[in-house]
Each structure stands twice: as C-alpha cells, then as structure tokens.
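Participant: First the structure, then my questions, so here it is.
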Amino acid sequence: MKTGLRFVLALLIGLFCILIGVMIGSAGISLVDVITILKVNIFGGALPERIIKNTANIIWSIRLPRVLCAFLTGAMLSVSGAVMQSVLRNPLASSYTLGVSSGASLAAAVVTLSGFALPVVPFLSLPTAGFIGGILTVCASIGLAMRFDRNMQNVTIILTGMVLGLFVNAFLTITTAFSGDHLRMLVFWQMGSFEGLKWRNCAILLPILTVGLLLLQLFTREMDLMTFGDEQALSAGVDVKRTKVVLLGISTLLTGTAISFCGIIGFVDLIVPHITRRLFGSKHRIALPMNALIGGSFMIVCDLIARTILAPRTLPIGAITAICGAPFFAWIYFRRRGGRRHD
Amino acid sequence: MIELKSMRAGYGSEEILHDLSFTFESGKNYCILGPNGCGKTTLLRAMAGLIPHKGEVLIDGQRVESMKRRKIASKIAVMSQINTLYFPYTIYDTVMLGRYQHINRFSAGASEEDRRVVDRCLEMTGLVGLQNRMVDELSGGQLQRVFLAQTLAQEPDTILLDEPTNHLDIRHQIDLIEYLKGWTADGRHSVIGVMHDINLALRLTDETVFLKDGRLAGAGRFQRVATKPFLNSIFDMDISAYMLDALEKWKTISDTSSSEKP
C-alpha cells in the first residue's frame, strides 16, 4: 500500500475514533445527532427539536473536550516516545526513561498534601506542579549525564535517568505513606484519567503539540542518522551532543505537558512508536506525524473502553492501554519477524 | 590533507596515542598497520574529531576542534564498523542519509543532484535492484556495502576506514578494495584505512603507517620501511616467514579438481 493511502486511512481512522468516542457513553446518542450537534456548535444555527438541550451540552462541553484531550495526550506521549527511542537508540526507551513520571508524581503529591493552590488559576495548581516536577527531574538527569560523560553516550543518559527516577520514587513512596486521607487522590493521579478535562485543557495541549511537532520535523534527518549510532551521525555531520539536548528537551516538554493534566499513563509511549514504524517505516519525517495520529486514536479507544466497560465506574486508563496494547503490539511486532536473517 | 602535530589522544585519563606527528597528503591512500591495542582505531577517531585530543589535528590547515561537524563531514567521512540496527530503513533511505550535510534543514527534501549521487553510489557498490530492501534483513556483507555507499554519498575528500572487511568473505573483501581504488583513482580522493590483513592493505596502497604502543614506529612505502627486523619488532613474529610458508601451501594447490586426478 502506498504511504499516501495509508496516511489518508490513518487520518480517517483518527476522525472516526473521535466521532465514536463522542458518540458512545452513558447517554446514548446516534451518530447523526452527534454530527448535527457538532455542526450547530461550530457553524451556528438551531438544534432540531428531537435533540434535548442537555444532550447537546454533554456532547459539546463534556465528551468532545475529553475525547480531544485524550487524542492530544496520546499524540504527545507517542511522539515523545518515538523521539526518545531514536535519540537514545534504544527500543525500550520511552518518554518516562529520564524520570519524568517520578518527578511529576512527587511534585503532584507534595502539592496535594500541602494544599497549595495557585492564585487566579487554582485548577492549574496540580498540572503546573506535575509539569515542573517532571521537567526538573529530566533536566537533572541530563545535567548529571553530561557531567559523568562529556560525550553524552546513551548508556550514561539512560542509566542516570533510571537511577534518578528510582531515587525520586523513594521520596514519592515516603510521601505516599504519610498521605493519610489524600492517599486515594494520589494513587488516582498516578493511575491517570481524562475525567473532567475541559476545552481550556485542549487549548493548552493543542498549541504545545503543534509547536513541538513542527520543531521536531526540522530534525527528522538527524534522528534518522542517530538511530544508526552516535559516531555514524557525527561522521555524517550531525552535531550530536547539541541535537540530543534539543530533542530530549522538546520530547520532555511534550510528555511533561501531557501528563500534567491526566496523570501518568504508561505504555502508549513505548508501543505506539513501534507499531507506527511497522506500518509506516522508520523515517521520522513520516513516522512522527503518524505517531501523533495513531497514538491519539489509540488513546481515545482506550479511554472509551475505560469509561464504558464497567459503567458508571471508570477504570484506570493506564491499565487499559496495557491490556489493549500488549496483545496488539505483540501481533504487529512479531508477525513480520519470521524471515529475519542473521549471519 | 590531514596533519598531526604532537598529537596525543585517549579515553578518559588513559592516553593511548603519545606525541604523534605525521602528514597524510591528499590524493594518496594510506594503511595503518600495527598489533592489537597499538592505537590504530584511536588514531582514526581522533583524526575525525570523534574523540578529544591534545596537540594539533589540522584538516586542510584548520584545527579540527574549531570546525563545525558539517564542515568536517564535507572533508572526512568515517566508515564505521557495523552497529546493531534497531530500527529498519530501506537501503535507499540509508544511503540517502549520507547526503545529510548537503540538504538544508528547511528544504522539502532531496534534490535531483542528491538522487543522482545516491544512484551512482548504489551502482558503484553493486546494490542496484536492492534499494527497497530493509537494512535489517541484509547479510553482514551487504550491510557493509550499504554503509560504504552511504559514506560515498557524503562526497568527502577522504574516507577513514576502520576494519572495513570484518564481515566480508574474501571475494567481497577484494571487491571493496577495488571499489575504493576506483574511487581514489582520480587523484582527488584518498582513503586512510586500518586493516588487519596486510596483503589486503597492500592491494589498496603502498603507503604505510606503522604504530606500536601508541607511537609512530615508521612510515613510507611498504617495500622501503618494512624490513624483516622492522616487521619482527612491530608484530613480535616473523611475518615474512609466515607469508612465504603460506605461499608454499598455495603453490601446491592443484589446478584440477580431485575427481579428475588419476
């Protein structure tokens, strides 16, 4: 199949996922009504009488922003995971490798326990803390790795990230142990959820994803070369050290922003890049935007399952991404491996 | 032209090359010979600015550490040993990556010129017809040729080779050397290679640089530098006796297959 055709197909699947995600929920609404409601809200006009005002509200103010946030988060995590894997040249790397989740969780825990709230925008307190905690941990990881090893080899970066992540995690465990009544809230944040995300969250996620993706598109050939190894990239003319810092920075920004609203959601960032590579090849020029589409669609489906399968209870989204993702990943990844040759 | 002036290099606090001075002239091929651990690979890596050094490394008169990677890449390409490949690319895309320094970050992609160069490099390395195969499905020998094509596509003045024949059978080893001889025949390009197989090295060039214990032990045309006592002192064995012994064996090889023997 031609790449162009696959692209269109992925785009259609993405749109389809958004529609399905908006359509299905506790209040059943037909696809036609969903489209009508969206049309009325975007282009103006009057709602037909058969659609209750309340239903229209649920669709436009609750479900659609939630679905879009899920899409944007999935896209950010997947793109950032793909960049990490290529830059660190490790198929097991993910956007969490450098300790972003531990740092974010710890900061979120501290804010929750201390009851600290930002003036003017209290709803941003937890996300801001998570974002800053995550970014600080990654900066510390990269800074330490630079000190340990002036060439910034991948092994050093990965090990430093892991060790620092575990170190920060220990403080998180201690904080959690003393959290008392807040325990439930902390645990839920660490499990991830799109509950209660609104248009204002989309308004923050969308520009950051767009800018991040556009910047990354300028570095696609550097990433291609770096997957062959640092020395090969250097020899071809890539300023490897600088490029690594820039790319790890952008990718951390994406992850940090994504998890700041919805908490820690694992697995997507690890498997979506592999699935995308299988379907669209490794070239980052194509693979990165495709990661955004596939990761976004995947996240919508997972969120859909999480909120409907045991409705009205919502399952932790992180569990669903793993339950759906693992078998799918195994199928995609291993089906073509039969003919591999080694000598 | 690559000049080394009192160059020292190593890894961390361990110095491997001590006070090395030598000039690699452009348009000439060189092979670097010496026993294991004498610093051959370190020398190549220091020359390409891949590892830090003390003293001076000058590429066409410019200090390597003051040059941008793109600038170095336009003059020197290093064809490295094969790494593990984690992410699959097609042969064509892999070779096209060699054009990195020729393609602007903001441009739409490869130009006509880039495609023409890549096609020529695929042809030179005998990869025409295979360009849509994935690199993780190739044999070691094919992969080595893909990386050679990538290195050639970079259009450097000088190619540094580190054990380029590691994964190749004897025919492909000789093929590779022939490609390189062809590439350098115009007198504008040169190859500096680290090779273990002395016979193979001498097929490519007569100019030799001998290293021992991180120091320059001798340099110049092989026939002139490599006396018996000299080779013995470098390799701690009687190389020429070994070669002659091998030659004797080859001389007794029959021209006909055994079934035809009486």
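The values are calculated or read from the model by the stated rules, or taken from the named source; none is laboratory data. Small disclaimer: the values here were computed from a predicted structure and weren't measured. With ideal geometry, Cβ positions are generated from the backbone for all residues, glycine too; neighbour counts draw on all protein chains shown.
Participant: Within segment A:239-249, can one find any residue that is among the hydroxyl-bearing types (S, T, Y), out of contact with any strand residue (DSSP E or B) (no Cβ under 9 Å at 6 or more places or on another chain), within 13 Å of chain B (Cβ to nearest Cβ) and over 25 Å from A:L209 (Cα atoms)? Walk me through it before giving the result.
Facilitator: At the first step, the residues of segment A:239-249 found to be among the hydroxyl-bearing types (S, T, Y) are A:243.
Adding the requirement that they be out of contact with any strand residue (DSSP E or B) (no Cβ under 9 Å at 6 or more places or on another chain) leaves A:243.
Next, only the ones that are within 13 Å of chain B (Cβ to nearest Cβ) stay: A:243.
Filter again for over 25 Å from A:L209 (Cα atoms), leaving none.
No.
Participant: Determine which single condition B:Q144 fails, assuming it passes every other condition in (1) in contact with a Pro (Cβ under 8 Å, 6 or more places away or on another chain); (2) surrounded by fewer than 17 Cβ atoms within 10 Å (Cβ to Cβ).
Facilitator: (2)
Participant: Within segment A:167-283, considering only helices (runs of 4 or more DSSP H) that don't extend past its boundaries, which have at least 2 residues that are modelled with pLDDT of 90 or more?
Facilitator: Numbers: elements: A:183-191, A:199-217, A:220-226, A:230-236, A:240-262, A:268-280.
Those helices (runs of 4 or more DSSP H) span A:199-217, A:220-226, A:230-236, A:240-262, A:268-280.
Participant: I'd like to verify a number: residues in segment B:73-97 that are more than 23 Å from B:L43 (Cα to Cα) and not aliphatic (A, V, I, L, M), how many? Quick ask: steps written out before the conclusion?
Facilitator: Narrowing segment B:73-97 to residues more than 23 Å from B:L43 (Cα to Cα): B:84-97.
Imposing the further condition that a residue be not aliphatic (A, V, I, L, M) reduces the set to B:84, B:86-90, B:92-94.
The qualifying residues number 9.
Participant: Could you grab me the full set of residues in segment A:133-151 that are within 14 Å of chain B (Cβ to nearest Cβ) and touching a residue at least 12 places away in the same chain (Cβ under 8 Å)?
Facilitator: A:F148, A:N151
Participant: On to the next question. Taking only segment B:53-86 into account, find how many residues are touching a residue at least 40 places away in the same chain (Cβ under 8 Å) and either farther than 30 Å from A:P91 by Cβ or away from chain A (no Cβ under 11 Å) (or both).
Facilitator: From segment B:53-86, those touching a residue at least 40 places away in the same chain (Cβ under 8 Å) are B:53-61, B:73-82, B:85; that's our starting set.
Now drop any that are not either farther than 30 Å from A:P91 by Cβ or away from chain A (no Cβ under 11 Å) (or both), which leaves B:53-61, B:74-76.
Residues in segment B:53-86 being touching a residue at least 40 places away in the same chain (Cβ under 8 Å) and either farther than 30 Å from A:P91 by Cβ or away from chain A (no Cβ under 11 Å) (or both): 12 in total.
Participant: Give the residue, chosen from B:S66, B:S80, that is modelled with pLDDT of 90 or more and at negative phi. Working first, answer last.
Facilitator: Values: B:S80 fails: modelled with pLDDT of 90 or more.
Residue meeting the stated conditions: B:S66.
Participant: Among residues belonging to segment A:312-335 that are more than 19 Å from A:C69 (Cβ to Cβ) and part of a loop (DSSP other than H, G, I, E, B), point out the one that is nearest to the chain's Cα centre (by Cα).
Facilitator: Step by step, filter segment A:312-335, then rank; the result is A:R313.
Participant: Looking only at segment B:118-137, how many residues end up being of a type outside the set (D, E), in contact with a Lys or Arg (Cβ under 8 Å, 6 or more places away or on another chain) and within 14 Å of chain A (Cβ to nearest Cβ)?
Facilitator: We begin by selecting, within segment B:118-137, every residue of a type outside the set (D, E); these are B:118, B:120-122, B:124-135.
From what is left, the residues that are in contact with a Lys or Arg (Cβ under 8 Å, 6 or more places away or on another chain) are B:118, B:125-127.
Filter once more, so that each one left must be within 14 Å of chain A (Cβ to nearest Cβ): B:118.
Total meeting the criteria: 1.
Participant: Still on this model: For segment B:92-112, what are the residues that are assigned to a helix (DSSP H, G or I) and more than 7 Å from chain A (Cβ to nearest Cβ)? Step through it out loud before you land on a result.
Facilitator: Within segment B:92-112, the first condition is being assigned to a helix (DSSP H, G or I), and the residues that meet it are B:92-102, B:112.
Within segment B:92-112, B:Y92, B:T94, B:V95, B:M96, B:R99, B:H102, B:E112 meet the criteria.
Participant: Among the numbered criteria (1) within 18 Å of A:I286 (Cα to Cα); (2) modelled with pLDDT under 90, which one does B:L127 miss?
Facilitator: With respect to (1) within 18 Å of A:I286 (Cα to Cα); (2) modelled with pLDDT under 90, B:L127 is out only on (1).
Participant: Which one is farthest from the chain's Cα centre (by Cα), of the residues in segment B:189-227 that are within 22 Å of B:S80 (Cα to Cα) and assigned to a loop (DSSP other than H, G, I, E, B)?
Facilitator: Among residues in segment B:189-227 that are within 22 Å of B:S80 (Cα to Cα) and assigned to a loop (DSSP other than H, G, I, E, B), the one farthest from the chain's Cα centre (by Cα) is B:G214.
To keep it simple, each residue is scored yes or no on (1) over 20 Å from B:T208 (Cβ atoms); (2) part of a loop (DSSP other than H, G, I, E, B).
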{"site": "B:E3", "(1), (2)": "no, no"}
{"site": "B:L17", "(1), (2)": "no, no"}
{"site": "B:T23", "(1), (2)": "no, no"}
{"site": "B:T41", "(1), (2)": "no, no"}
{"site": "B:A46", "(1), (2)": "no, no"}
{"site": "B:I51", "(1), (2)": "yes, yes"}
{"site": "B:G55", "(1), (2)": "yes, no"}
{"site": "B:R70", "(1), (2)": "yes, no"}
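Participant: Could I ask something else about it? Go over the candidates B:R171, B:R145 one by one and state the one that is over 22 Å from A:S235 (Cα atoms) and part of a helix (DSSP H, G or I).
Facilitator: Numbers: B:R145 fails: over 22 Å from A:S235 (Cα atoms).
It is B:R171.
Participant: Between B:L143, B:L204, B:L211, B:L216, which is within 14 Å of another protein chain (Cβ to nearest Cβ) and in contact (Cβ under 8 Å) with a residue 40 or more places away in the chain? Lay out the reasoning, then the answer.
Facilitator: Values: B:L204 fails: within 14 Å of another protein chain (Cβ to nearest Cβ); B:L211 fails: within 14 Å of another protein chain (Cβ to nearest Cβ); B:L216 fails: within 14 Å of another protein chain (Cβ to nearest Cβ).
Selected residue: B:L143, the only one of B:L143, B:L204, B:L211, B:L216 that is within 14 Å of another protein chain (Cβ to nearest Cβ) and in contact (Cβ under 8 Å) with a residue 40 or more places away in the chain.
Here is a yes/no grid of residues against (1) buried (at least 17 other Cβ atoms within 10 Å of the Cβ); (2) aromatic (F, W, Y):
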residue: A:M185; (1), (2): no, no
residue: A:F188; (1), (2): no, yes
residue: A:W199; (1), (2): no, yes
residue: A:L213; (1), (2): yes, no
residue: A:L216; (1), (2): yes, no
residue: A:A233; (1), (2): yes, no
residue: A:S251; (1), (2): yes, no
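Participant: Need pairs with beta-carbon distance below 8 Å; first residue surrounded by fewer than 16 Cβ atoms within 10 Å (Cβ to Cβ) and within segment A:52-63, second in a helix (DSSP H, G or I); sequence gap 6+ or separate chains.
Facilitator: Listed by first residue and then by second, the contacts come to A:S61/A:W199.
Participant: Hey, does segment A:92-107 have a residue that's buried (at least 21 other Cβ atoms within 10 Å of the Cβ), assigned to a helix (DSSP H, G or I) and more than 18 Å from the chain's Cα centre (by Cα)?
Facilitator: Filtering segment A:92-107 down to residues buried (at least 21 other Cβ atoms within 10 Å of the Cβ) leaves A:93-107.
Pick out the ones that are also assigned to a helix (DSSP H, G or I) and you get A:100-107.
After this cut, where a residue has to be more than 18 Å from the chain's Cα centre (by Cα) as well, the list is A:106-107.
Yes: one or more hits.
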